[in-house]
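The values are calculated or read from the model by the stated rules, or taken from the named source; none is laboratory data. Remember, predicted model here, so these are calculated numbers, not experimental data. Backbone-built Cβ (ideal geometry, glycine too); neighbour counts: all protein chains shown. Note: accessible area is taken over every heavy atom of the protein model, side chains too, but ligands, DNA and RNA are not part of it. Shrake-Rupley method; radii C 1.70, N 1.55, O 1.52, S 1.80 Å.
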Amino acid sequence: MAALAEVLTRGASVVPIGVRACADTADDNARWDRFVDRCESASFFHRAGWRRIIEDVLHHRCHYLAAERAGVMCGVLPLAEVRSRLFGHALVSLPFCVYGGPAAVDAEAEHSLIDAASALARSLGVEHLELRNRFVTCTDWPRQDLYVTFRKALLPDADANLLAIPRKQRAMVRKGIDHGLRSAIDATPERFFALYADNMHRHGTPPMSKRYFAALMSTFGDACEVLTVMSGEGKPVSGVMSFYFRDEVLPYYAGDTGEARGLAANDFKYWELMRRACERGGRVFDYGRSKRGTGSFAFKKNWGFEAQPLAYEYQLLRRSDVPQNNPLNPRYRALIGLWRRLPRPLVNRLGPMLARNLG
């Protein structure tokens, strides 16, 4: 078996690569996830379960490509075709996810997948192909130099991780502890969704649906966890939905109430997640994506994390500029201003229909 694996990774001069579309079947999904679990460049967002969520909940058609040598999988590339009234028609790896792009055992498999994705993008008539990579794969494609990620190794001991937090930020964590805050792991998205929807409304962003969060928890099981922070009186004040992948934890969706800041509830929340992840055997804390120059960027820097640029790469097919699906886009800013003025019940009802167009 080891000899076969060695042959398969030597290159097309020995065993040629074929790229095929993976069907949404139990067999293909199991093979896909087995590869993702082993592939060093894969992430939580490469897991096969995202396909059903993006198609069934968000209603975007998926195209999952697999590279193979002699029938053995050597690379995967999840893609979704997004038709947005706000931002046009695109093929993206992967919308609603901060990481994506090809995950492969070598450069040859990686580029075979990109070539296949490019051909698919042309056949679909999309305006652009977007790969949300952590590292550069297509040096001649335009990139968006806006997003960074924050990742840091966790120490084996929880107390050592607390001491590793810079002094001022550590004081904020202790402030939350002194306020009598406590945390719990929730089995449903109910409490989290109320906190998340409140936060999204204050920031002028359409929320995802409660059904979306329930689907994430149902699909990914223990790898998708909701942590809720309560005040000393037992009132939920902050929450986070996190993803676990191999030995990494990624806090992904968050929410809070207006009083959370005064209680240092968000500081306490991320420390509790870090502490619990350490106890669970986690070795990497991935603070996720932020835009340069934002409050989120500064908050993560305060924890002693260093910004790592993300390589969001674009093949422009029927447009001449890199898309701006963010507040730099005037359409996006106008939406934020309108959304803040709408009543909460209307926001929660209409939000998911708009959020699926943001990607």
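Using the Cβ-Cβ distance between residue 20 and residue 160 with R0 = 35 Å, the FRET efficiency computed as 1/(1 + (r/R0)^6) comes to roughly 0.15. Against the chain, whose longest principal axis is taken from its Cα atoms, helix 107-124 shows a tilt of about 90°. Taking each DSSP H run with n ≥ 4 as -39500 (n - 2.57) and averaging over every residue of the chain yields -11500 deg cm²/dmol at 222 nm.
Placing a label point 7 Å from the Cα of residue 135 along the Cα-to-Cβ direction, the residues of the range 310-325 with a backbone N closer than 19 Å are 310-314.
Residue 306 sits with roughly 120 Å² accessible to a 1.4 Å probe, with DNA, RNA and ligands left out of the calculation.
Could you give the angle, 0 to 90 degrees to the nearest 10, between helix 210-220's Cα long axis and the longest principal axis of the Cα atoms of the chain? Tilt relative to the chain: about 60 degrees.
A 1.4 Å probe run over the protein chains yields, for the chain, 44 Å² of accessible area per residue, whole-number rounding. A straight chain from residue 52 to residue 178 at 0.36 nm per residue would run longer than the Cα-Cα distance by 41.1 nm. Placing a label point 7 Å from the Cα of residue 119 along the Cα-to-Cβ line, the residues of the range 15-39 whose backbone N sits under 14 Å from it are 17-22.
Pairs exceeding 24 Å between alpha-carbon atoms, taken from 269/300; 175/300; 175/210; 175/291; 168/300: 175/210; 175/291. Look at where the Cα atoms of the range 142-169 and of the range 182-243 average out, and the two centres are 22 Å apart.
For the pair residue 214 and residue 168, the difference between a 0.36 nm per residue extended length and the Cα-Cα distance amounts to 12.9 nm.
Using a probe of 1.4 Å on the protein chains alone, the accessible area found for residue 200 is around 40 Å².
Taking all protein chains together and rolling a 1.4 Å probe, residue 157 ends up with roughly 80 Å² accessible.
What do you get for the angle between helix 190-203 and the principal long axis of the chain? Use alpha-carbon atoms, 0 to 90 degrees, nearest ten. Rounded to the nearest ten degrees, it is 90. Taking the 1.4 Å solvent-accessible surface of the chain as the whole, the part contributed by carbon and sulfur is 52%.
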